[in-house]
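First comes the structure, then the notes that go with it.
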Amino acid sequence: MGKKNKKKDKKGYGAEKTAAKTAKKAEKRARKELQLGADEDLDALIAEFTELDRKRAEVSEQQCDPPSPRCSMSLTAHPDKDELIMFGGEYFNGQKTFVYNDLYIYNIKRNEWTLVKAPNAPPPRCAHQAVALSQGGGQLWIFGGEFSSPTLSQFHHYKDLWVYHLSEKKWEKISSPGAPTSRSGHRMVVYKRLLVIFGGFHESLREYRYFNDVHAFNLDTYQWIKLSISGNGPSPRSACQFLTRTDGALLVYGGYTKKPVKKDVDQGVTHDDMFLLSPQKETSDEAAAETMPTKWKWSRQSQSGMKPLPRSGTSMVVTAGNRAFMFGGVNDLEDDDEDLESEFLEDMYTLDLERGKWFELQLRGKKQKKKRRRKQKEKDSEKQDNENDEGSGSESDEEVEEETKAAATVTEVPEDAGPCARMNCLMTVKRGILYLYGGVYERGDVEITLNDMYAIDVHKFDEWKTLVALDKAKQEWKGEVSSDEDDDEEEEEDDDEGDDEIEGAVGGTTEESILGS
């Protein structure tokens, strides 16, 4: 896993240095705004995208390479076919941000990607939510998200609801009063015949706001309905996990909030609490109550087992057996001396949704390797004890060495197999296979958007299969790498050790220089 560190100011003028850096960055940002034309009207840009899609006369499908690097898109399992559906996302190369409205279909059996272009598609967005349903020949429902200027100085948050009819290859915008306010970073799940939306945030040039409200859309009436909720629920947050249990309760875990601590200074808060949102029986007509409950209750869910470190940017997906798998994220630690350390994670956990109990996962191949090593040590010990006995029949040193090598060949899982440390990857499950795509990794100022893809059997959990290898040629960084001229010589020597790695990441020369360890 990788780390990025900002060291303490040893000379005691941290506040002055911080102010100077802030002013310098503000000046650079202002120049970029002029260079990249980020002062354009975002509404006008969105309208332009919408008009281009409206003029599209027919559907086109083209087999293609895997999607370009991007993050904050959606990856959804097709409800009826062995396919995965990817929509939208964004990519930042250090100078400019790109936001997409591409629709990709991944054929699992053939390991092939198809780019689908259909008329009247939603405008480009990221940080939206998507779910798939079997009704009507298959449907992909999308709500909210955001569109940003090239330098991320302006944001447009959506509050629109769309459905893509999979069999007809047709987009439809759903207009109904009572929709949630515009937002991104929210979460959406399906509960029986309801789309349920929780949380998210809205950001503008002057302020930001986080939400903890709950909204539901009725899939039969195509109407938004207001839920009556009792009890104390989660605090406002975005990027949490929102999961459905087999008993119908909805589980909220973690999330992220930003709060002001002083003028022009914000502090991130990573949550690791857990809550349940449970439907309440309202009528003697059990069928009606099961279909469309309007009364719900918040309650806190206790956690046990090997609880993960607090983290943001993690990903979770529900699997069979009323459990969920979690991968990666980033753990941020900050103290009173303005010392910041961010650790990118590659660990994996499973959560028993009924009991709230955590288990840390290891590939079974690694466990077998350790077990065989113990057995080999015992065998070696017995051999040494009996090597002077006549007719012992013990194996020669060469034979033992060959047997050890053979066992390692069968059971050993390379240490670098599978996805590396990252945050904000996409995960989904189809027929017991978990699929993981992309994410973001940072080393210092360099932000690398990944485009690799892996699969693993959630029942065996023995090895990761690489479906899309990391494309090293696409790992570019055009942004600046900051340096601190006021650092003392000791700090400069420490920083020099990482310069070659940063240069490799900027130039996109090697995978090792980008990802590090």
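The values are calculated or read from the model by the stated rules, or taken from the named source; none is laboratory data. Fair warning: this is a prediction, and the values are worked out from it, not measured in the lab. Neighbour counts run over all protein chains shown; Cβ positions are idealised from the backbone, glycine included. To get the accessible areas, we keep the full protein, side chains included, count just its heavy atoms, and leave off ligands, DNA and RNA. Shrake-Rupley method; radii C 1.70, N 1.55, O 1.52, S 1.80 Å.
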Which residues' amide hydrogens lie under 5 Å from the amide hydrogen of L166, considering only partners 5 or more residues apart or on another chain, with H built in the peptide plane? Q139, L140
Search the structure for amide H atoms under 5 Å from the amide H of D160, placed 1.01 Å from N in the peptide plane, and list their residues when 5 or more places away or on another chain. G144
Sorted by chain and then number, the residues having a modelled amide H within less than 5 Å of the amide H of R323, at least 5 places away or on another chain, are L353
Using θ = phi - 60° and the Karplus form 6.51 cos²θ - 1.76 cosθ + 1.60, what ³J(HN,Hα) does each residue of the stretch 310-318 get, whole Hz, x for Gly and Pro? x, 7, 10, x, 7, 10, 9, 8, 7
Could you tell me the calculated FRET efficiency between S235 and Q135, based on Cβ-Cβ distance and R0 = 35 angstrom, to the nearest 0.05? 0.50
Point-charge dipole on Cβ atoms (K/R +1, D/E -1) for the stretch 185-267, about Cα centre, debye to 20: 140 debye
Keeping all protein chains in the complex and leaving out DNA, RNA and ligands, what accessible area do you get for R70 with a 1.4 Å probe, in Å² to the nearest 10? 0 Å²
Taking 7 Å along the Cα-to-C-beta vector as the label spot, tell me the C64-V190 distance in nanometres, rounded to one decimal. 2.6 nm
Farthest towards the positive end of the dipole of the stretch 50-109, among F98, I85, P66 and with Cβ unit charges of +1 on Lys and Arg and -1 on Asp and Glu, lies the Cα of F98
Prolate/oblate/rounded label for the stretch 167-307 (Cα gyration tensor, a/c 1.5): oblate
Which order do the peptides 138-144, 303-309 take when ranked by the mean count of other beta-carbon atoms within 10 Å per residue, highest first? 138-144, 303-309
Please calculate how many Å² of accessible area the stretch 86-245 carries per residue, with a 1.4 Å probe and no DNA, RNA or ligand atoms counted. 37 Å²
So what J values fall out for the stretch 455-461 if you push phi through Karplus, 6.51 cos²θ - 1.76 cosθ + 1.60 with θ = phi - 60°, rounded to Hz, Gly and Pro as x? 9, 8, 6, 6, 8, 7, 6
Suppose R0 equals 22 Å; then what is the FRET efficiency for A57 and I174 from their Cβ-Cβ distance, rounded to the nearest 0.05? 0.45
Suppose the chain between E48 and D264 were pulled fully straight at 0.36 nm per residue; how much longer would it get relative to their current alpha carbon spacing? 74.4 nm
Gained length - Q95 relative to K478, 0.36 nm times residue gap less alpha-carbon distance: 137.3 nm
